[in-house]
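Quick notes on the structure that follows.
The values are calculated or read from the model by the stated rules, or taken from the named source; none is laboratory data. Owing to the predicted nature of the structure, the values given are computational and were not obtained by experimental measurement. Every residue, glycine as well, gets a Cβ built from its backbone with ideal geometry; the counts of neighbours run over all protein chains shown. Just the protein is used for accessible areas: all its heavy atoms, side chains included, with ligands, DNA and RNA removed. Shrake-Rupley method; radii C 1.70, N 1.55, O 1.52, S 1.80 Å.
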Amino acid sequence: MALLTQAPKGTKDVLDSTPWQALEATLRRVAHSFGFHEIRFPTFEHTELFERGVGDTTDVVQKEMYTFTDKGGRSLSLRPEGTASVCRAVLEHGLLAQALPQKVYYIAPNFRYEKPQAGRLREHHQFGVECFGPSGADADAEVIALADTYLRALGLTDVSLELNSIGCSVCRPQYHAALKAYLSQHSLCGLCNERIQRNPLRILDCKNPDCQAIARQAPHSVDHLCGDCADHFAALQRHLTAMGIGYKLNPLLVRGLDYYTRTVFEFKAPGLGAQDTVCGGGRYDGLIETLGGPATPALGFGSGLERLLMTAEAQGIRLGGSAASDLYLCNAQVDGTACLQLTHALRQLGVKAERDTMGRSLKAQMKQADKSGCRYVVVIGDDEVAGGTVAVKHMKTGEQQPCALDAQAIAAMIHN
RNA sequence: GUGGGUGUGGCUUAGCUGGUUAAAGCACCAGAUUGUGGUUCUGGGGAUCGCCGGUUCGAAUCCGGUCACCCACCCCA
């Protein structure tokens with residue numbers, strides 16, 4: 001197969017979109033039930049937004065962005081994640097001057113120049129939720145509850161919630177200092193030696209056995225929280241328990257984006273390979289201010305649709321029903337006008353009607369009808385046109401019922 | 001960016017100690033007398049064996065390079 005070209009590395013065509021539609025419908029329904037409304041925003045933004053918003057020390061910004069210069073000389077980047085875009089939009093339209101909280105969700109593609117592997121693409125789709133305004137831990141609990149709700153609604157099992165707090169601008173510097181002091185007494189792997197500068201928290205979940213041993217003894221952020229952060233974290237745990245949402249504290253849980261403060265969490269699912277996080281997020285109380293807005297506490301999460309779909313498939317969960325037509329109309333005339341007309345009339349009534357456009361024989365049309373999975377078949381030939389009646393055949397039982405050659409009558413018959 | 005694995009018709013594969021027209025199943029199309037499917041039978045279309053180069057009288061089968069996909073690291077959803 002000498003194709004001229006193929007889909008770019010790390011991108012996917014979706015040939016059967018029914019699972020996607022079912023997934024997205026569930027996500028929307030749950031988001032709406034929690035009082036979130038949809039926001040849509042551009043696929044690319046000024047590069048600076050991500051540099052400042054996501055953090056210019058992160059891998060995502062440093063080496064994974066699709067950045068280009070447009071014909072006006074502006075540096076633009078394909079969105080690598082949604083939160084920065086949402087913040088920009090919310091600020092640009094003065095939403096934070098409206099009644100708080102502002103609760104929004106989105107379903108949108110993200111782009112990162114990464115090496116593809118299981119559960120990791122260069123273009124992936126994310127369901128994200130952002131909430132601006134509340135500082136209380138009950139808001140954290142609600143956002144986590146939203147995630148827990150749609151994961152359950154999808155029928156996913158064995159999904160575990162991991163929780164941690166990484167402190168705020170008050171206590172985190174002290175913790176970082178304590179961590180660095182500890183780590184400087186030990187010899188780490190080459191990678192971790194680089195991480196000390198960039199993101200020392202990452203060392204905590206290094207895969208290297210020696211580093212893991214060191215990490216086990218390392219000071220934990222939860223033990224270095226300031227009073228407010230400690231209270232917040234304790235309250236969150238109380239709220240989750242009150243709602244019956246199980247969780248597991250993971251003092252080594254770290255996130256790779258710079259903007260997180262206090263609460264960080266991940267939902268992990270088995271059966272995904274190494275990339276097992278199906279939803280990840282947390283609080284980012286300083287981000288809005290960093291982007292030039294009024295100091296506004298905020299929180300949210302992102303959840304990869306491809307990974308959700310993979311998890312569902314791994315667990316044998318079929319999302320979405322059949323897209324089959326209600327009715328297949330077979331033409332048995334030399335001139336197929338009667339079939340064409342009736343099909344059109346039925347479609348105007350909202351019936352999912354299909355007919356042959358490949359000039360097949362009647363027998364072949366029946367085979368097509370069978371394979372398409374439609375429930376009923378009607379044959380329209382000279383006899384039917386002359387007599388003004390057709391036989392509506394139920395494919396499962398093979399039984400045929402007479403019916404007037406009339407769209408309304410046929411529609412009524414197959415709809416009950 | 002680093003490492004490992006794989007690469008034969010739409011799909012899943014056989015062939016791979018080099019040798020006439022590259023095989024099978026599934027899928028697709030058409031038939032099995034007269035206007036009706038799901039089973040069965042018969043026939044048919046479709047691959048220059050990822051790509052380029054090398055070795056050889058001769059390569060899908062050997063060698064080199066390259067690309068792509070998969071998996072892992074890194075990072076993240």
Reported set for the stretch A:38-65 where residues are within 27 Å of A:Leu27 (Cα to Cα), charged (D, E, K, R) and open to solvent by 30 Å² or more (accessible area, probe 1.4 Å) is A:Glu38, A:Arg40
Would you confirm, using the coordinates I've provided, whether A:Leu163 is part of a loop (DSSP other than H, G, I, E, B), crowded, with 17+ Cβ neighbours inside 10 Å and more than 12 Å from RNA strand B (Cβ to nearest atom)? no
Residues of the stretch A:370-388 that turn out to be within 7 Å of RNA strand B (Cβ to nearest atom) and either at pLDDT 95 or above or over 44 Å from the mean Cα position of the chain (by Cα) (or both), as a count: 7
How many residues are in contact (Cβ under 8 Å) with a residue 12 or more places away in the chain, within 16 Å of RNA strand B (Cβ to nearest atom) and in a helix (DSSP H, G or I) if we restrict to the stretch A:322-355? 5
Report, by residue number, each residue of the stretch A:98-138 that is open to solvent by 30 Å² or more (accessible area, probe 1.4 Å), of a type in the set (Lys, Arg) and either near RNA strand B (Cβ under 9 Å from one of its atoms) or assigned to a loop (DSSP other than H, G, I, E, B) (or both). A:Arg112, A:Lys115, A:Arg120
Could you tell me whether any residue of the stretch A:66-76 is under 29 Å from A:Arg318 (Cβ atoms) and either open to solvent by less than 60 Å² (accessible area, probe 1.4 Å) or touching a strand residue (DSSP E or B) at 6+ places or on another chain (Cβ under 6 Å) (or both)? no
Inspect all residues belonging to the stretch A:172-183 and state whether any of them is in contact (Cβ under 8 Å) with a residue 12 or more places away in the chain and outside any helix (DSSP H, G or I). no
Within the stretch A:397-409, can one find any residue that is open to solvent by less than 50 Å² (accessible area, probe 1.4 Å) and modelled with pLDDT under 95? yes
For the structure I just gave you, tell me whether A:Cys211 is within 11 Å of RNA strand B (Cβ to nearest atom), buried (at least 19 other Cβ atoms within 10 Å of the Cβ) and more than 13 Å from A:Val254 (Cα to Cα). yes
